[in-house]
Every structure is written in C-alpha cells, then in structure tokens.
Amino acid sequence: MSHNESSVFATGGADLELVNISKVFPGFTAVDNISLKIPAGSFFALLGPSGCGKTTTLRLISGLEEPTSGKILIGGKDITNTKPHQRTVNTVFQSYALFPHMTILENVAFGLKQRKIANAMDLAHQALALVELDHVASRKPSQLSGGQQQRVALARAVVNRPALLLLDEPLGALDLKLRRQMQIELKSIQSEVGLTFLHVTHDQEEAMTMADTVAVMNKGKIEQMGAPAELYELPKTRFVATFLGQSNLFDGTVSTATSSTVTVSVGAHSFDVPAARSAVVKGEITVGVRPEKIAISRTKPAASKTRTIVGPGNVIDASFSGVSTQYLVDVPGLNTMTVFEQNDGDIVKAGTQVWLSWDTEFSFGIPFEAAEFIESDTSTTTLAAQAK
Amino acid sequence: MAIGAFSHGPSGTAVSSASQKKSRVAWFLLLPGIVYLLLFFLTPLFSLILTSFKTAPPAAFIGEYVYAFRWENYVEVLGMYGEHSLRSFTYAAIATIIALAIGYPLAYFIGVRLRPYPLLQSLALVLVIAPFFISFLLRTVAWKQLLADEGLIVGTLKAFALVPPDTHITGTAISVIFGLAYNFIPFMTLPLYTSIERLDLRLLEASNDLYANSFTTFRKVTVPLTLPGIVSGTLLTFIPAAGDYVNASANFLGSTQTSMIGNVIESNFLVLQNYPHAASMSLVLMGAILILVSAYVFKSGTDDLL
C-alpha cells in the first residue's frame, strides 16, 4: 500500500471521476446521481447555494461520508470503499480545523509524519514559507488571525502533495478584501504546485475568478458545467441564469423556428433568439438577456435586423454604484427589466421615457420552469441568511 | 457612592475611591469562603500537625497525650504501616485505571454519540449519578452479598465448576479494588464528560483526512484534547480512593489482609486511641498524595491546556 501511495504522491495531481454518485440521508437526497470528471491539474469549482449538496459531494470524495450508490475513482483507481486516511486526498476545511494543542509547524507536519516521510519538518517549513508564515511556525493556532489560520490550513493540506486538494468554502470566514487577496494567492499556489483543486463555494464571483471549470449545483444535481465565461454567456437553465449573475427573463411560447432563428412571442412582444443559443425550439420557452448587454436610449433606436428593441418604457429607479448605474425599467407587457450601464457621465433620471435595445446575438432561450425563490438577488449574504 | 464622589474635589480621587470600593466589595464577597477555609481547613490542619507531635506522659491513661515535639511518631508509623501505604497507593492506582477504562468510553458515548439527542444525553448523565440516590454504604454491603462465597456470582461460578470450590472474592484485593473502582466511576465519568462534550469532531475528521487512522487519531488528537478531563477525573478518583477506609474494611469488601491507610488511621483514632500516630499517618498520606499529584499534573502538562 505504501508503495502505491508514494507513486501517486510523486505524480502530484490525478484525475477525479465520479460515476453516478448519490447520497441519501433520512428524509432527503443530498447528492442525486452526479457524474463528473475533473482532469489532473485543473482548478474545478462546485458552485451552488447552501444546502445544494456541494459540501456533501466533497465529503464523499474525502471519504468522510459513504455514498449510497455510485463509484469514486482517483487516477483511474476505484477508492469508493477506502477509509479517509487511505485516500490521497486532503481537505482545507471551512472551519480550518487546526489542532489547537499543536504548534503551527506540528500541524503542517502532521500528515507527513503519519506517512513516515523522512524530512517532514523541512517540508513543513517549506510549505509554511509558501504561504509566507514560516515566522509563526512555533506558535499555536489560537495566536493567529483568521487569515493566517486559513493559510496554515492550506499549507497543512498542500504539503502532502495530494492527488486531489479539496477546498470546502475555505474563504467563507474572511472579510471581502482578504478574500479577494486569498483568491489570487490560492490560484497562484495552485499553478505553482500543479495539484488538482476542487473548490466548493457559494460565491459566484469567487468560482468564476478562480476556476477553469465551474459546475453549478442545485438540489443535489449539477445544472450546468463549463468554463466560467461559457456558463455566464449561455446559461442552460433558469437556475444558472439567475444564480450566476443576473438575467432579464421573459416567459413565452415559440411562434416560429427556423434553422437559424427561434421567434418567441411574449404577450404582444416578439423576440428573436439565435437557434444555436436556444435550448428549446417549440412550446413554452423562457427568453433571457444579461442586464449589461442592454443599451438604454431616450429616443427610439433605428430598427435593425440584428438588434432587439423594446419600448417605450419608464425608468422607475436609477442607482449609481460608481463604475456603473443600475436602472430598473418598467416596460408595459414585460417584467420590470434590469439594465447595467457603464457610467459615461449621462445618467438617465427616474421617470424618463426610454427604449431598450440589445444585440440579438446576446439573447438566449432556456426551458420554461416555474420561478423559484432565487430571483435576481443571489448575493452571498442573502444566501447565507437563507442557509441557516 | 455618588455623595462620596461629590465630596472629593479632584476627579482623580473620586475614580480611585470608586475602584477601592470595588475591591472592598470583592473582598466582602470572598469573606464567607475565607472564613470557611480558616475554620474548617486551616484550623483542623494546624491542630492535626500539633497532635502528630504529641507524646504520652508517664503513667498516662489510654488516649491521654500532651503537646510535645515527638518527631519519632513519624518514624514509627512509617516503619509500622509502610506496607499499608504501599497497598493503598497500589489499590488506588489500579482502581483509577479500571475506572478510566470504563469511564472514558462511557463519557465518550454520552458526550459524542448522544450529542444529536440532548434529551437522551441528559438522561444518560442522570443514570451515571443515579447510584448516589442510594447510600454508598448500602451499595457496598450489597456488593459484599453479591460477591460472597455462597452469593449469586461466586455461587453460580462454583455450581458450573468454573472456579475451584474454595474460591473467595470478598476479603481479597480483587473485591477491594473492584469496590473502589465501582464507587468512583461517577467521579471519573463526569469530569471526562465535560471535556469530551466540548471535543470538536471536525478535528477528528481533519486527522483522518491527514492519513491518521482511528487509533492514531485517538492517541494524537482525542486524548490530548480531553486531557484536562482525564487529569481531573483521575485525581478525583485516585485521591479519595487512596484514603478510603470503607471498601477495604473487614466489615465490607476487605479483610485484615487488605487494610489500607484509611483503615490504619481509623483504627488508631477510634480503636487504639493513639492520636499522635493517627495524625502523623494522616499527614504522611497527605504529603504523599501532594507529591504524587503535583508530579502527575506537571508531567501531563495540563496547565498549558487549562
């Protein structure tokens, strides 16, 4: 076993594959038949609201929970029935879980000593140097600040050079500024050590800035998976469209569909959606467009084949936020629409009559679903409040 | 207090008088405790020390002693009762280990496994102290009957020829140690429970995640984190067990072959009326326990954890 282990550790990162993994707790299904593959050396993020099953997925991979069904493979080897201490996986816990009775150095060297690595102390010092904390090696965890403890937790996991590093909302307890700084550090450490990172978070900005691939989870299922830009530009479900950033959504029915364009009627309005960007070609459909794609104008724009124009509508609110201004525009026959406009000195006042237009290429079509509790406001604090 | 503040000119004086007042209140609140300790601990201790150096005047009645400085009392008791002292500490140590071996899993079960069920947890704790509802003497007598030669346990074992027909349990070291362990298990379990109940299980998960198996995790994480409970539990068991005179008495689970220091002190005080010997033996016991306990606390390094 020890021979096998050392060979896996020597290679650094390894592929992770989940095959039809489910975890059922009495009364609810936390993880519902998930399959995914994370290639070696990548930075993968599981994004979702609290209670969506992302932490359970992580615990299944680390071995702290046993799956109800399905298989887990690391580097092609089935590890489903192994104990946590036998897995070449390390976790950076949300609570950090540093051992309070050990010094920082002993904490970092713990995993190495368990595996009887000869120069455990030297490696631990190196790992602490990587997170710029070697000078506190002889202190106890309680003597460190939250940000420092977080970095020690990271060093304690990274020092083992695991095949897979699991990060369970490791930045959740830090304030915003420190969190942004740690995101950059984490990302650079990941590229430096070349390990496979699996990062779990409910912060969409964190997931998008750090990960190569993001999987959006909801109710134990993966809704959509892909590169951050891909997910943002072309969401495939209502949940992704509203959880990852904001969207203006209109429920309607497909009136005509050609190979290039799907035309949707929403009340008296009609919208064109590129066929390649529509997941639905007949029946009920939801059309969406991101708020920053929309241009606002006081006069009616000239009709164009490539632009979608709605209006006239009334600006009911204009809130200035520095870089941009967020407008809420009431368009008769449609929902209240959200528009983000770059601040170029011309702010439209509330009560003004305006027209909204956007490049039809930016519209997307997703399957119609009854709206749920998550609408446009998916800030971290709201989600945290909903969670517990 | 407000009037006091007005009567003094400079505000600095007013502030210092307020803080003086505060410390006076603190002293006042401490007073009952201090008086209690003076009356019921320091005075008897002082009297005990004086008694331990007393000597019998020429042609004295039994139990008649006068103040003196007869340090030979100590030499005599150490010579006469060295065997009893050794036996006391051995019995107490074995009983403490047994109580720990039974109390730790019990406290772990209540503090960790029952953590999701607060009602069951409280019920289990009540059950731990439930034996206290019946007098300690009665329970010990009950054990004497159960362990008696023709009693339930030995009788049954004999009936199935599992032990030789002349087996005794009462009156032996086994029954005395058993009695000590039995009687002190609640004193071991409760302090262990208060430590284990606070144990952060996420640390055990972290240890498992860092390649430590269950046994190593227990040794390297669980035990060090619950050490304060282990230390106070063992002290609360060992100290009274070393001085116990009920379990080892021939009226209960012991015999003259199992006499401990407590029995020696008891018979010197109440039967032989040799007060100086009883007093010096008490002080020897106290000194020995103080040395053992401070060595133990120092060794386990709990001051760092507390």
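Points to keep in mind about this one:
- Longest segment of chain A lacking GluC sites (Glu not before Pro) that sit in a DSSP loop with at most 13 other Cβ atoms within 10 Å: A:133-368
- Taking the charge dipole of the protein assembly as shown about its Cα centre, with +1 at Lys and Arg Cβ atoms and -1 at Asp and Glu Cβ atoms, the residue from B:HIS84, B:ILE239, B:SER294 reaching farthest to the positive side is B:HIS84.
- When the square roots of the Cα gyration tensor eigenvalues are ordered a ≥ b ≥ c, the ratio a/c for segment B:240-292 is 1.5 or more and a/b does not exceed b/c, which makes its shape oblate.
- For segment A:93-105, 3J(HN,Hα) computed residue by residue from phi via the Karplus equation (6.51, -1.76, 1.60; θ = phi - 60°) reads 7, 4, 8, 6, 6, 6, 6, x, 8, 10, 6, 4, 4 Hz, glycine and proline entered as x.
- Backbone N under 16 Å from the A:THR256 label point (7 Å along Cα→Cβ), restricted to segment A:270-305: A:270-275, A:282-283, A:305
- Taking 17 Å as the straight-line reach from the Cα of A:LYS282, the aspartates and glutamates in range (excluding those fewer than 8 positions away in the same chain) are A:ASP251, A:ASP272, A:GLU369.
- For A:SER265, A:SER142, order by how many other beta-carbon atoms lie within 10 Å, fewest first: A:SER142, A:SER265
- For the peptides B:28-41, B:207-220, A:147-160, A:111-124, residues were scored by their other Cβ atoms within 10 Å and the scores averaged per peptide; the highest-first order is A:147-160, B:207-220, A:111-124, B:28-41.
- DSSP-defined beta bridges in the protein assembly as shown - what % are antiparallel, rounded to 5: 75
- Folded to 0 to 90 degrees: helix A:146-158 orientation relative to chain A principal axis, Cα: 70
- For A:LEU164, residues with placed amide H under 5 Å, excluding near neighbours: A:ASN90
- Taking a ≥ b ≥ c as the square roots of the eigenvalues of the alpha carbon gyration tensor, segment B:65-166 is oblate, as a/c is not under 1.5 and a/b does not beat b/c.
- Cα-based shape type of chain B, given that a ≥ b ≥ c are square roots of the gyration tensor eigenvalues and the cut on a/c is 1.5: oblate
- Cβ crowding within 10 Å, taken as a proxy for footprinting-reagent exposure, orders A:ASP15, B:ASP166, A:ASP359 from fewest neighbours to most as B:ASP166, A:ASP359, A:ASP15.
- Leading residue at positive end of dipole, segment B:160-284 (Cβ point charges), from B:LEU227, B:HIS277, B:TYR182: B:LEU227
- Ranking A:ASN314, A:PHE25, A:ALA350 by how far each Cα lies toward the positive end of the dipole of the protein assembly as shown (charges on Cβ) leaves A:PHE25 at the top.
- In straight-distance terms, cross-link reach from A:LYS23 covers every one of the lysines whose alpha-carbon lies under 29 Å from its own, apart from those fewer than eight places away in the same chain; here that gives A:LYS37, A:LYS54, A:LYS71, A:LYS77, A:LYS83, A:LYS219, A:LYS221, A:LYS236, A:LYS388.
- Fewest-first sequence of B:TRP27, A:TRP358 by Cβ atoms within 10 Å of each Cβ: B:TRP27, A:TRP358
- Reachable lysines, given that their alpha-carbon falls under 19 Å from the alpha-carbon of B:LYS299 and they are not under 8 places away in the same chain: B:LYS220
- Residues whose amide H lies under 5 Å from that of A:ASN218, counting only those 5 or more places away or on a different chain, are A:GLU223; hydrogens are built 1.01 Å from N in the peptide plane.
- Given charges at beta-carbon only (K, R positive; D, E negative), |dipole| of chain B in Debye: 820
- Taking the Cα centre of the protein assembly as shown as reference, the dipole from Cβ charges on Lys and Arg (+1) and Asp and Glu (-1) amounts to some 680 debye.
- Dipole check for chain A: with +1 at the C-beta of Lys and Arg, -1 at the C-beta of Asp and Glu, and the Cα centre as origin, the magnitude is about 800 Debye.
- Shielding score for A:88-97, defined as the mean number of other chain Cβ atoms within 10 Å: 4
None of the figures in this text is laboratory data; all of them are computed from the coordinates on show. Quantities reported herein were computed from a predicted structural model and do not represent experimental measurements. We place every Cβ from the backbone using ideal geometry, glycine too, and count neighbours over all the protein chains shown.
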